[in-house]
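Before any comments, here is the structure.
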Amino acid sequence: MANRFKAALFKGPGELEVREVSAPDLNPGEVLVRVRACGICGSDLNIFRRDPPIPKYWGGHEISGEIEEIGPGVEGLNAGERVSVAPLIPCGKCELCRAGLENICPDCVFISFNARGGFSEFVVAPRENIYRLPDKMGFDEAVLLEPLADVLHSFKRAGDIAGKMIVVVGCGTIGLLTVVAAKALGAQKIIAIGKYGHQRRLSTLLGADAALGSADPGIERLVIEALKGAKADLVFETVGGYESESIAQSLNILRPGGTLMLSGVHYKTPNMNLKFLTEREIEIKGTQRYRREDYAAAIDLYAKGAINGSLLVTHRVSLEDIMKGYSIAFDKDANSAVKVVVCP
């Protein structure tokens, strides 16, 4: 391993700088991966302009690459193998980890948030976070494994998907992968609601039966028409952010007894009519990250050919052009962007 390599580091709100950094130590049980692709996630975009910035934030957690070197004690892997790097490193000791809830471990390390991330030439991760890629999966598409694992965890929280009437609110990466996975797992009907035209068009190519605009007048009526007179069994709200209108919209298109899954990360407390929830016995469930079995399931779906997310990767930039990548991702409507991938 070289003593120094290139990485894109946050200087401050809205500023990234590519510079040389010292190589990390490779400890027992760890693997050094040469990064070949790393997706720009919505969380990266939110944090990019944050003031003050998150301490120790490096950036980039949707990582694929090749094994460069293995540390002492690592078995079952070899240099040169093509892999995905799962970013969540739970402590393994707390009460939640012992209960199998490592995705909400309060003491976890998450690559890019509090450990060196993938917007760099190399990244180090524990052996248990390294997954071999299916033979036919390219590095670019492999950046979708982490968000797909998130989606599959939300499905596990929601219950059986097969035969259900599903509405997906939001057509970013998580929303579109929700469409793809719901189709693969036998949903009866899938309606996508998205802000941008290129996202809605892509949702229908990926398996949505209909795509509606989030600002369309009478959206509730349009959903019922698309579902042939019914309301949704399940709504996956994938927008998140600082506005809560999508939550109210989601609740209005749910049938009594239906479930709203909050897949998006919300930063604002919504105004909610609790009487509405009580009278209709509506369930609202949160979902956070993924567990190891979800990551393995994501790879398995790809390996079986049940999932094809290649259409989601719309742009690629070099590490040196990462600021251009952020610009493309921020102005997704003008650039018809979905997933922007950085290729060191």
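What follows draws every value from the coordinates through simple rules; no lab data is involved. Keep in mind that this is a model prediction, so the values were computed, not measured. A quick note on method: Cβ atoms are made from the backbone with ideal geometry, for glycine too, and the neighbour counts reach across all protein chains shown.
Before moving on, here are some points about what is shown:
- Its residues counted as N, region 148-286 yields a C-alpha radius of gyration over 2.2 N^0.38 Å of 0.93.
- Extension gain from Glu81 to Ile284, taking 0.36 nm per residue of separation minus the Cα-Cα distance: 68.9 nm
- When both region 126-203 and region 279-342 are represented by their alpha-carbon centers, they are found 8 Å apart.
- FRET efficiency for Ser310 and Lys275, using Cβ-Cβ distance with R0 set to 51 Å, rounded to 0.05: 0.65
- Electrostatic bookkeeping for Gly258 treats Lys and Arg as +1 and Asp and Glu as -1; over the other residues with beta carbon under 15 Å from its beta carbon, the sum is 0.
- Most mobile of Pro72, Pro134, Pro256 in a GNM of the chain (Cα contacts under 10 Å): Pro72
- From phi via Karplus (6.51, -1.76, 1.60), per-residue ³J(HN,Hα) for region 125-141 in Hz, x at Gly/Pro: 8, x, 3, 6, 9, 9, 10, 5, 7, x, 3, 8, 8, x, 4, 4, 5
- Working from label points 7 Å from Cα in the Cα-to-Cβ sense, the Arg49 to Asn252 distance is 2.6 nm.
- Region 53-118 - Rg over Rh from alpha carbon coordinates, Kirkwood radius: 1.03
- Pair Leu101, Ser22: separation of 7 Å Cα→Cβ label points (nm): 3.9
- Of Ala226, Ala86, Ala215, the one that fluctuates the most in a GNM where the chain has Cα springs shorter than 10 Å: Ala215
- For Leu9, the residues 5 or more places off, or on other chains, whose built amide H falls under 5 Å of its own are Glu17, Val18, Arg19.
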